[in-house]
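I have placed the structure first, in the form of structure tokens, so that the comments after it can refer back to it.
No value in this document is a laboratory result; all are computed from the given coordinates. The structure displayed is predicted, hence computed values, not measured ones. Note that each Cβ is placed from the backbone with ideal geometry, even for glycine, and that neighbours are counted across all protein chains shown.
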Amino acid sequence: MKPCLYDEEGNEILLPTKKEVCGSCGGEGMRALHGLDVTDQCREDPEFEEDYFAGRYDTLCDGCGGERVVDVVDEDRLDPWQLNDWYDALEEESRYYWECEYERRAGC
């Protein structure tokens with residue numbers, strides 16, 4: 001999905017983008033299996049260790065879907081008002097994330 005802003009009438013304004021290496025996977029396109037104590041698993045099962053380090057448990061990166069790059073807003077090509085609105089949108093997104101995290105931790 002391309003990054004965008006909305007004008008006063010609710011019309012979508014697509015923002016200029018550029019490609020960057022995915023920050024989630026570092027450009028690998030895959031991510032390692034998470035949520036396991038790999039050290040204990042490797043001690044108990046040498047075959048698991050071999051498979052794990054061979055990448056057999058890796059999955060496609062959630063950030064780039066295996067593409068290795070992602071579209072990011074090219075801030076150098078934004079008008080000053082677009083840049084200001086873009087920063088406001090990022091701040092609002094961050095605020096929403098932390099509000100959701102606070103509610104999750106409170107058991108909501």
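Neighbour counts of other C-beta atoms within 10 Å: give me Tyr87, Tyr52 arranged from fewest to most. Intermediate values should be presented prior to the final figure.
Values: Tyr87 12, Tyr52 18.
Listing Tyr87, Tyr52 from fewest to most nearby Cβ atoms yields Tyr87, Tyr52.
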inquiry  = Please compute the contact order of the chain in relative form: average sequence separation of alpha-carbon pairs under 8 Å and at least six residues apart, divided by the residue count, as a percent.
reply    = 31
query = For the chain, what is the convex hull volume of the alpha-carbon atoms per residue, in Å³?
reply = 142
task = With a point put 7 Å past each Cα toward its Cβ, work out how far Thr17 is from Asp88 in nm, to one decimal.
result = 2.3
query = Nearest 10 degrees, 0 to 90: what angle lies between the long axis of helix 80-105 and the longest principal axis of the chain (Cα atoms)?
reply = 40
request  = Provide the per-residue ³J(HN,Hα) series for segment 56-72, in order, calculated from phi with Karplus coefficients 6.51, -1.76, 1.60 and θ = phi - 60°, each as a whole number of Hz, with x at glycine and proline positions.
outcome  = 5, 9, 5, 10, 4, 5, 5, x, 10, x, x, 7, 6, 10, 9, 7, 10
